Amino acid sequence: MLLTQFLFSQEKKIAVYYEGQGYLQPFIEASIDSLKNNKTQNYLFNSTSLNQLKLQNKIESEKEKLLQIYFNPENSNFNLTDSEMAGMQEINNQINKSSYLLVVKTITLLELIEFQFQLFIPKDSLNNLNTSYAKLVGTEDLFINPKDKNYKKEITNALQRLFKESNSKPRTILKYFERNLKTGDTILVPLNSTVELNGINSVDEDTEEIFYHWRNIHSNNADIKLNDKITFIENEPIQKIEIHKNGIFKIGFKVFDGIENSNEIVVVVNTIEKPSKLVLYDSITYSEHNFSVLNKETLNSLNQSQFFPIYRDSIVKNEILITTKKIGLKFDNKLHEKYIFHDFQLDSANFYKKPKIKLLKLNSTFTLEDRIKSYYLYIKDKNDFVSEPQQIIHKFNSFFILGISTSTNLNFIFKYKNFDNSEDQETKILSDSTSINETLITQKFSINYYILKNISVSVTIPFNTHTIKYKDYIFEGPAIISTSLSLHQKNNISNKSGIIFSHLKLFYNTYGEKIESEKSGVFDNGYYFAYHSIGGSIGLKSKLIRTNLFHVDLSFNGGGSFFLKELKDLADIEFSIGLIFKFISL
């Protein structure tokens with residue numbers, strides 16, 4: 001194929017001759033007439049069809065014979081009459097008036113049609129029909145399928161290839177993330193990561209269909225490894241590349257519109273290490289809200305802080321990026337600003353002696369329908385590349401106003417001081433001993449009722465009791481009913497395991513008591529009294545079970561109480577281990 005470029009200052013004539021079946025004559029002529037100079041936007045041609053030419057005193061069949069003789073003189077005997085020579089002269093004059101002659105040949109091959117375009121510069125050849133009638137300056141051959149919707153575009157492209165000044169050169173646009181690249185740029189690619197080279201915005205003003213060409217460029221530069229290649233998919237506008245070993249690469253990208261290539265963009269690719277993923281001791285945290293009688297707080301006012309200890313010796317805050325959505329391989333402030341979670345602190349004073357991330361105001365956007373929110377924790381390097389995301393899950397739970405618990409208790413009841421009972425004239429000591437040292441093991445059941453989010457009242461009863469004798473008194477222990485006021489406080493040592501809650505409890509115990517008769521020495525069922533004690537305890541709780549319906553905590557408690565009135569010289573030390581059930585409000 002010989003392609004020639006001509007410069008036109010004004011519209012010129014072009015003669016067109018169709019040899020064969022003459023398929024698509026109107027479309028081809030319209031396409032020729034629509035060709036413009038891509039710089040001046042002037043039309044290039046005014047076409048004349050020789051097949052439609054009217055010859056003087058010649059019928060249509062005689063004209064076709066003369067056209068065939070004119071364009072195929074080697075197949076004729078040249079014995080022309082004067083009238084035929086006059087007709088040949090008319091054809092020759094029409095061609096010589098034109099700047100160009102285009103011969104269109106067509107052949108049918110089953111469903112395909114072969115088109116051959118031959119472009120000539122005319123010359124007067126009538127005096128010697130054995131000499132070519134014009135100078136051939138370009139050819140285009142193509143096959144089209146009329147069932148293909150793009151077949152007309154293929155014909156137009158073929159004509160533009162003959163007259164390149166009618167074609168606008170395609171323009172290459174190559175992006176890496178949000179950066180437009182130009183020749184000479186260097187891009188950084190993290191190892192073992194998939195990145196995109198995007199050439200889809202490359203454009204051609206004449207056609208929507210362009211071809212994309214990617215290549216590796218070898219270099220004699222010692223810094224660029226000649227044997228290393230990046231794998232490309234042919235004619236794909238977007239290339240997803242992944243490099244698994246360190247190196248420096250040079251690549252080129254250009255587009256082709258079917259007529260000419262764009263300018264090539266050549267860039268250097270340099271590999272870097274990707275930031276390592278941040279590992280946490282625990283990636284799930286909870287915010288809890290207890291429905292209660294006096295608690296008027298809304299969800300938006302809870303704003304609980306959460307802690308995430310990091311499994312790393314040191315880190316700086318500028319390296320940490322927390323978002324509400326995944327952001328991909330590289331951080332772009334314009335694109336990702338709306339997803340950044342800014343309310344966090346970095347603290348090293350914690351149980352693990354490791355850096356700790358403290359997230360603030362996690363509840364500021366919570367609704368009852370939005371009980372679980374995810375955040376994504378990244379490490380960001382100086383080039384704004386980020387690590388794989390560490391997902392942080394924050395679960396919000398609201399609990400019913402009532403909860404239940406059960407425990408195993410160990411009680412030590414003992415006399416902690418001497419008590420002078422001589423003033424009590426109605427009571428006489430019938431027991432031979434005034435000492436006491438009782439150890440009791442019991443099971444208890446409690447109902448908890450929240451009056452504020454961190455304050456609850458409880459009623460506790462034992463499943464089993466023991467009879468205790470002291471002086472004139474015989475009573476049932478431990479307390480047959482206990483009422484308490486508890487303050488709950490979260491310590492934030494860990495979200496997943498270990499001790500996470502503490503509480504302080506003040507209680508009032510009631511003991512069942514029977515007085516032994518002075519005379520008979522037997523129980524008098526007609527007298528039934530109650531004695532009391534007051535005390536307090538402290539406790540620790542640890543998460544045990546978490547489901548979508550309820551939570552179970554393991555509790556440890558220790559405390560003591562002092563008896564009142566007649567038994568005020570006695571004390572009770574109590575240790576317990578138990579389970580606390582809290583039910584989630586759906």
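The values are calculated or read from the model by the stated rules, or taken from the named source; none is laboratory data. Predicted model only: the values in this text are computed from it and were never measured. Cβ coordinates were reconstructed from backbone atoms using ideal geometry, including for glycine residues, and neighbour counts include every protein chain displayed. Note: accessible area is taken over every heavy atom of the protein model, side chains too, but ligands, DNA and RNA are not part of it. Shrake-Rupley method; radii C 1.70, N 1.55, O 1.52, S 1.80 Å.
Do any of 182/317; 65/153; 245/325; 182/326; 36/152; 317/453 go past 27 Å between their Cα atoms, and which?
182/317; 65/153; 245/325; 182/326; 317/453
Applying the Karplus parametrisation 6.51 cos²θ - 1.76 cosθ + 1.60 with θ = phi - 60° to the phi angles of the stretch 147-158, what ³J(HN,Hα) value in whole Hz is obtained for each residue in order, glycine and proline being reported as x?
So the J values, rounded to whole Hz, are 7, 7, 5, 9, 5, 5, 5, 5, 5, 4, 4, 4.
Averaged per residue, what accessible surface does the stretch 134-267 expose to a 1.4 Å probe, in Å²?
Heavy-atom SASA per residue in the stretch 134-267 reads 52 Å².
Set the Förster distance to 45 Å, then compute FRET efficiency between residue 114 and residue 171 from the Cβ-Cβ distance, nearest 0.05.
Working from the Cβ atoms, E equals 0.85.
Mind ordering 276-285, 168-177 by average Cβ neighbours within 10 Å, highest first?
So the order, starting with the most tightly packed, is 168-177, 276-285.
Would you mind calculating the gained length between residue 217 and residue 80 on full extension (0.36 nm times residue separation, minus the Cα-Cα distance), in nm to one decimal?
Result for the pair: 43.0 nm of gain on full extension.
Can you tell me how much longer the chain between residue 483 and residue 383 gets when fully stretched, taken as 0.36 nm per residue apart minus their C-alpha distance, in nm with one decimal?
29.8 nm
Label-point separation (nm) for residue 152 and residue 185, each offset 7 Å from Cα along Cα-to-Cβ?
Using points 7 Å along Cα→Cβ, the separation is 3.8 nm.
Here are some pairs, 149/240; 147/254; 380/582; which of them have Cα atoms lying more than 32 Å apart in this structure?
Where the Cα-Cα span goes over 32 Å, the pairs concerned are 380/582.
Taking the Cα centre of the stretch 142-251 as origin, work out the dipole magnitude from +1 charges on Lys and Arg Cβ and -1 charges on Asp and Glu Cβ, in debye rounded to 20.
That gives a dipole near 180 debye.
Each label point is 7 Å from the Cα along the Cα-to-Cβ direction; what then is the distance between the points at residue 415 and residue 358, in nm?
5.3
Between residue 374 and residue 449, what is the label-to-label distance in nm when each label sits 7 Å out along the Cα-to-Cβ direction?
Those two pseudo-labels are separated by 4.3 nm.
Please work out how much length the chain gains when fully extended from residue 142 to residue 550, using 0.36 nm per residue of separation minus the C-alpha to C-alpha distance, in nm with one decimal.
139.4 nm
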